[in-house]
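Asks: The structure under discussion is supplied below as structure tokens; questions concerning it will follow.
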Amino acid sequence: MVLNTELMISLWVLLGIFSLVSTLLAVSTLVNVVRLRNVRLNWKAGKMKGYPLFSTLFLGVSVLLVGIGLFRESFQELSMASLYMIIAMGWFITSYLASKRYVTNHGIVKNVNDPSQTIAWHQIRDFVEEDQPQGTKFLFIYSEPAMDEPGKILRLNLFVPDRKLSDFKKLISHKLGRRITCYETESIKVEHFN
């Protein structure tokens, strides 16, 4: 009986800690999104109709658990399901905002939770594009600011949905047009390299 009570207390403490951490992470991610300056474009990029797959499924299961707790009218089950719901909401908000693609006046944001991973427009050396169903995949070739040595290049794959493609091409042309020939003649396609 004592072991069972200690196990339940440990479970409640653990759920409380995870609830607090997921809430703090969600708030931190939300603050990072709000702090982004001069966002020109953004779009959903999750695997499930633009939403993150696992966090959406976990949120659905948590809603089901809350429903079961309400149906059974059990305070303990409802309390536990509510803590799971807080964890699920924190995870969903964090992964939804982190999976969105943000394009600012400064560059392309790879990870909203790590601003140092933003690829500035001046870092981009070249790009190619590949038409795909419901959009276009861009492959950007760029270098780190301290990596001006030849041969040290990185790449970023960025899928742009059809509804944002025209605005994205205009932005690319404006930001990269002085250094890279963009859309003045036929653009380079990935198929040319196959």
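Asks: Normalising by the residue count of the chain, find the relative contact order in percent from Cα pairs under 8 Å and 6+ residues apart.
Replies: 18 percent
Asks: Right, something else. GNM, the chain, Cα, under 10 Å: largest mean-square fluctuation among Leu36, Leu171, Leu70?
Replies: Taking springs between Cα atoms under 10 Å, the residue moving most is Leu70.
Asks: Computing the accessible area with a 1.4 Å probe over protein heavy atoms, can you report the carbon and sulfur percentage for the chain?
Replies: Here carbon and sulfur together make up 62 percent of the probe-accessible area.
Asks: Using only Cα atoms, tell me the angle between helix 75-99 and the longest principal axis of the chain; keep it within 0 to 90° and round to the nearest 10.
Replies: Approximately 10 degrees, to the nearest ten.
Asks: Ok, one more. So what J values fall out for segment 55-62 if you push phi through Karplus, 6.51 cos²θ - 1.76 cosθ + 1.60 with θ = phi - 60°, rounded to Hz, Gly and Pro as x?
Replies: 5, 5, 5, 5, 5, x, 5, 5
Asks: What is the set of long-range amide H partners of Lys100 at a cut-off below 5 Å, with H atoms built 1.01 Å from backbone N?
Replies: Hits under the 5 Å cutoff: Ala45.
Asks: Where does the longest stretch of the chain lie that holds no trypsin sites (Lys or Arg not before Pro) found in a DSSP loop with 14 or fewer other Cβ atoms within 10 Å?
Replies: So the longest stretch without any such site is 50-151.
Asks: For the chain, set up a GNM with springs between Cα atoms under 10 Å and report which of Trp12, Trp91, Trp43 has the largest fluctuation.
Replies: Judging by the Gaussian network model, the answer is Trp12.
Asks: Suppose all protein chains stay in the model; what accessible area per residue would a 1.4 Å probe give for the chain, in Å²?
Replies: Result: 64 Å² of accessible area for each residue.
Asks: Name the most mobile residue of Pro161, Pro52, Pro133, meaning the one with the largest mean-square fluctuation, in a Gaussian network model of the chain with Cα contacts below 10 Å.
Replies: Pro133
Asks: Which three numbers, in whole Å and largest first, are the semi-axes of the equivalent ellipsoid of the chain derived from its Cα gyration tensor as √(5λ)?
Replies: 45, 18, 14
Asks: Now for a different question. Which lysines have a Cα lying under 24 Å from the Cα of Lys152, excluding residues fewer than 8 positions away in the same chain?
Replies: Of all the lysines, those that pass the test against Lys152 - Cα under 24 Å, at least 8 places apart if same chain - are Lys110, Lys137, Lys175, Lys189.
Asks: Let me ask something else about it. How much mean residue ellipticity at 222 nm does the chain get from its helices, if each DSSP H run of length 4 or more adds -39500 (n - 2.57) and you divide by all residues, to the nearest 500 deg cm²/dmol?
Replies: -17000 deg cm²/dmol
The values are calculated or read from the model by the stated rules, or taken from the named source; none is laboratory data. A quick note: this is a predicted structure, and the numbers were derived from the prediction, not measured. As a convention, Cβ positions derive from the backbone with ideal geometry for all residues, glycine included, and neighbour counts pool all protein chains shown. Only protein heavy atoms, including side chains, enter the accessible area calculation; ligands, DNA and RNA are left aside. Shrake-Rupley method; radii C 1.70, N 1.55, O 1.52, S 1.80 Å.
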